[in-house]
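Trainee: Below is a structure I'd like to ask you about.
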Amino acid sequence: MRSNNRTRPAAGTDGRVEYGALTACTPIWVSASTSSGFSAERIAEVIAFYGCGAIGGVMIGGRAADFLGTQLSSRLSLASLCASFLLLRFALDEE
């Protein structure tokens, strides 16, 4: 009997990426942000930077997981996120 070496999706999935779950907050974010005084152009810039950062983060994180292993790369990612939030807090306190 021949073995089938093709990869299969996880149980309970049909192999499609669920984009709806990833982008559901974006229209809500835009409508809520326009009522807070930001222009539509500025909100579009923020969403574009967020998207570029998300894509870059996935690419870097995937490469790090390949080289360092999933546990170490997850720990480094969480530590970097904590450091970024601390830096953001200090930056916002300075204003």
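The values are calculated or read from the model by the stated rules, or taken from the named source; none is laboratory data. Keep in mind that this is a model prediction, so the values were computed, not measured. Backbone-built Cβ (ideal geometry, glycine too); neighbour counts: all protein chains shown.
Trainee: Within region 38-49, work out how many residues are in contact with a helix residue (DSSP H, G or I) (Cβ under 9 Å, 6 or more places away or on another chain) and either closer than 22 Å to Ser77 by Cβ or surrounded by 11 or more Cβ atoms within 10 Å (Cβ to Cβ) (or both).
Mentor: 6
Trainee: Related question: Does Ser31 count as in a helix (DSSP H, G or I) and at pLDDT below 75?
Mentor: Against the criterion (in a helix (DSSP H, G or I) and at pLDDT below 75), Ser31 qualifies.
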